[in-house]
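Participant: Attaching a single structure in structure tokens format; questions to follow.
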Amino acid sequence: MRFASTRGASPPAALSEALERGLAPDGGLYVPEAFPTLGPDDRDAPRGLPAVGSRLLAPFFADDPLAPALEAICGEAFSFPIPLVQLGEGTAVLELFHGPTAAFKDVGARFLAACLQRLVGEGDQPLTVLVATSGDTGGAVAAACAGRPGLEVIVLYPAGKVSPRQEKQLTTWGGNVTALAVRGTFDDCQRLAKQALADPEVRARRRLSSANSINIGRLLPQMVYYAWAALAYARAHGAAPGFIVPTGNLGNAVAALWARQTGMPITEVVLATNENRTIPEFLASGAWRPQPTRQTLATAMDVSDPSNMERVFHLFGGPGAARARLRAFAVSDEAIREEIRRGEDAWGRIWDPHTATAVRVRRQVEGDHWIVVATAHPAKFPETVEPLVGRQVPVPPALAEVLERQGSAVAIEADYEALREALRHG
Ligand SMILES: *Cc1c(COP(=O)(O)O)cnc(C)c1O
């Protein structure tokens, strides 16, 4: 299997090359050149997540140097539970938040780290993973790479602009993880990281890679939980489910669409956004018009120009076809609050603000077989959730362990010389 750029101006790449590059040289995003269709044998065998992953992803790894390691990589990435829980007639929830940082990004980050580690041969120069974060991605990548030989991680985050719990998840790993607290905004962090990735002097001294959310190594493993959940649901109910996905940069939803493309029993993938309404407005009007990003309660979905839309257009064969095939609903902060407030009465659940958008959309779609995708644990967002439910949210063990550790970060100014200096050491 080879991977093409959505912009079509770079040659197709092998999987390993696409993983290390992140972005294609023409600025496009890598997509599989073809989608293998899985046969009845692949659908019937009742097995766990790592086994479904090895089978589903084998065609995407074919001919790549990483192919022999696929089973081990799946074992490392899918080492925490992903329960599919029936909540009542017609609605189930897929809980993606039982990993080390209590959000779905753990799956993609762990899989990518397991791949990158294996791309660094013994005795090779280590690979430096540079990641700019507004909070959640950096924590997942740091947790996934911590302690892995051959990898070094440098996380840039805006000082004072992440939540106290997020900061713990960025700064408490030590060892091969360095956290840089940038005196500036998330955009500054992203700009600095991009400058470093393009700097020949830095690249001459370090082998650099970025682990941002457009890396295909984060999307492939996300297909696995959709395939696994759809197969399990179809076996139990004799009907294929649809998924409702809390959506920001569209990485999670694209993985669901790709899983469907391989023939998995999935009726529809419905997008739930917050008040950043570029996608629902595009589907309604046909015009792609990103507005300035709005701050909402579902902060990890505060994206106004989702880069993975390029992959959606590529998959369907253009914007017009995508419009005809997709549904998306925007959810206001007020509606998010309402769903959190009544979560325990209506569903027996405390929702986090991101999952609450999908729960809201469940009320707007007809029919019986829906799986709501839960992207984060409510204990990650106590400032929002606890006043609404009127009590403390119990902290899951993996998160509790991180919160107990002492964090440390290196403060730097938001200028490139400061980052360059930091990259010279360590
Ligand atoms: C990142 C994130 C999202 C959005 O996922 P995308 O792949 O960017 O669409 C939703 N919920 C949570 C909790 C997240 O961290």
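Rule-based calculations on the coordinates, nothing more; no lab input. These numbers come from a predicted model, not from an experiment. Positions of Cβ are generated from backbone atoms using ideal geometry, with glycine treated the same way; all protein chains shown enter the neighbour counts.
Participant: Give the Rg/Rh ratio for region 1-88, taking Rg as the radius of gyration of the Cα atoms and Rh as the Kirkwood radius, to two decimals.
Facilitator: In region 1-88, Rg relative to Rh is 1.05.
Participant: Not counting the cut sites, what is the longest span of the chain without GluC sites (Glu not before Pro) that DSSP labels loop and that have at most 16 other Cβ atoms within 10 Å?
Facilitator: The longest uninterrupted stretch comes out as 123-365.
Participant: Which semi-axes, in whole Å and largest first, does the equivalent ellipsoid of the chain have when worked out from the alpha carbon gyration tensor as the square roots of 5 times its eigenvalues?
Facilitator: 31, 26, 21
Participant: To the nearest 0.05, how large is the calculated FRET efficiency for SER332 and ASP187 if R₀ is 30 Å and r is the Cβ-Cβ distance?
Facilitator: 0.75
Participant: Moving to a separate point now. Could you pull out the trypsin sites (Lys or Arg not before Pro) across region 323-426 that fall in loop regions by DSSP (anything but H, G, I, E, B) with no more than 13 other Cβ atoms inside 10 Å?
Facilitator: Of the trypsin sites (Lys or Arg not before Pro), the ones in loops of region 323-426 whose Cβ has at most 13 other Cβ atoms within 10 Å are ARG363, ARG391, ARG405.
Participant: Give the value in nm², to one decimal: projected area of the alpha carbon convex hull of region 318-426, averaged over all directions.
Facilitator: 12.7
Participant: I would also like to ask the following. Size of region 99-222 along its principal axes in angstrom, Cα-based, largest extent first?
Facilitator: 38, 34, 26
Participant: Within the chain, which complete DSSP H helices have Cα atoms spanning at least 20 Å along the helix axis and a mean Kyte-Doolittle hydropathy of 0.0 or higher?
Facilitator: 105-119, 216-237
Participant: Same structure, new question: Check each of the chymotrypsin sites (Phe, Trp or Tyr not before Pro) in region 18-100 and keep only those in coil by DSSP with at most 14 other C-beta atoms within 10 angstrom; list them in order.
Facilitator: Filter output for region 18-100: empty list.
Participant: Can you list the trypsin sites (Lys or Arg not before Pro) in region 10-96 that are in a DSSP coil and have 15 or fewer other beta carbons within 10 angstrom?
Facilitator: Loop-located and lightly packed - ARG47.
Participant: Which three semi-axes in whole Å describe the equivalent ellipsoid of region 311-370, each the square root of 5 times a Cα gyration tensor eigenvalue, listed largest first?
Facilitator: 29, 13, 9
Participant: What distance in nm separates the two pseudo spin-label positions at ASP368 and GLU33, each 7 Å out from Cα along the beta-carbon direction?
Facilitator: Rounded to a tenth, the inter-label distance reads 4.4 nm.
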